[in-house]
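The values are calculated or read from the model by the stated rules, or taken from the named source; none is laboratory data. Note that the coordinates shown come from a computational prediction; the quantities given were computed from them, not determined experimentally. So basically every Cβ, Gly included, is an ideal-geometry build from the backbone, and we count neighbours across all protein chains shown. In case anyone asks, the SASA skips ligands and DNA or RNA and just uses the protein heavy atoms, side chains included. Shrake-Rupley method; radii C 1.70, N 1.55, O 1.52, S 1.80 Å.
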Amino acid sequence: MKTTTIQEFMQRFPDDNACLDYLMHKQHGDTLTCPKCGQHGKFHRIKRNPAYECAWCGHEIYPMKNTIFAGTHVPLQKWFYALYLFTTTRHGVPALELQRQLGVAYPTALRMAHKLREHMADVGGNFPFDGDVEADETYIGGKRPGNRGRGAANKTITFGMLNRGGNVMTEVVPNVKKNTLQPIIQENVKSGSTIHTDELRSYKGLDKAGYEHERVNHGAGQYVSGKCHVNSIEGFWSRLKLSIRGTHIHVSKRHLPKYLKEFEFRYNYRDKPQRMFPDLIESL
């Protein structure tokens, strides 16, 4: 399946009414039983509100309720177009670009972008992991004098796991202690799987928790030992940081989890980018 073009997007969602019709059809189908009067049939679009009305009793249904669009004053087509931009750009969309393309204020564009990232967090993941799983942690933030990597000051610690041949997951963590990292592993990886890590002592004891545990010693210059390595998750970290620097310049600790979920989504759709937009609108 090819990627949705802008012409195809505009044909499918030419205006707010088409977008609202899509939400209504997806949630309720062509006909439904009125929850108020019990009559079965079509609900008709009303002009005074973004809603549909029962022909018998006038009960109204609001398709945007309980979605990321609830309470918005931004035209619905602009939301759908923002979603389209997010899924057809390689490294993401900064709020300034949304502001320019949608013609909205910067705070509005920023809020929309965060809402879309939060929605991406709920789509496309497969858990729990099993088989060969790489686990690693990284430090995200601007360049500063002093230590690099572990021990770097004023940076945000992020832990991640990558299921070889599958998906990736990330989480901002307060530290890299054993009591912080191992519960995340146990919650998201099936017992009996093989965990690949570096020499960080916090991973010690995974074999006693029901996993096969293999390690490489980066401190000694060892990066591959047989099938054991964490090169895949480190490659993900590298692409993540390049994308943040190239697209967003800087991401605050407060909002970093949302950006991480966006990049998880992008990685998990790496072999099927043409499904990003259809799957996202299907999940609304």
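Averaging Cα coordinates gives a centre for the range 190-250 and one for the range 9-52; these two points are 48 Å apart. Remark: the range 176-193, residue by residue, has Karplus-estimated 3J(HN,Hα) of 10, 6, 4, 5, 8, 7, 5, x, 5, 4, 5, 6, 10, 10, 5, 4, x, 6 Hz, where x stands for each Gly or Pro and the curve is 6.51 cos²θ - 1.76 cosθ + 1.60 at θ = phi - 60°. The spacing between the range 155-187 and the range 100-139, judged by their C-alpha centroids, is 16 Å.
Phi-derived couplings, Karplus 6.51 cos²θ - 1.76 cosθ + 1.60 at θ = phi - 60°, listed residue by residue for the range 47-62: 8, 6, 9, x, 8, 10, 10, 5, 5, 8, 10, x, 4, 9, 10, 10 Hz, with x used for Gly and Pro. Specify the angular offset, from 0 to 90 degrees and rounded to the nearest 10, of the alpha carbon long axis of helix 16-28 from the longest principal axis of the alpha carbons in the chain. So the inclination is approximately 80 degrees.
Annotation: cysteines of the chain without a disulfide-compatible partner (Cβ-Cβ under 4.7 angstrom) are 19, 228.
Among (1) 18.7; (2) 17.6; (3) 14.1, which is the computed mean projected area of the Cα convex hull in nm²? Here the calculated entry is (1). Among DSSP bridges having both ends in the chain, what percentage is antiparallel? Round to the nearest 5. Antiparallel: roughly 75 percent of the beta bridges in the chain. To test your reading of the geometry: what angle, between 0 and 90 degrees and rounded to tens, separates the Cα axis of helix 76-88 from the longest principal axis of the chain? Tilt relative to the chain: about 30 degrees. Rounded to the nearest 10 degrees, the angle from helix 106-120 to the longest Cα principal axis of the chain is 70 degrees. Residue pairs exceeding 28 angstrom between C-alpha atoms, taken from 36/258; 2/47; 178/261: 36/258; 2/47.
Before I look further, what does the range 206-284 give for accessible area per residue, probe 1.4 Å, in whole square angstrom?
Solvent-accessible surface per residue comes out at 53 Å².
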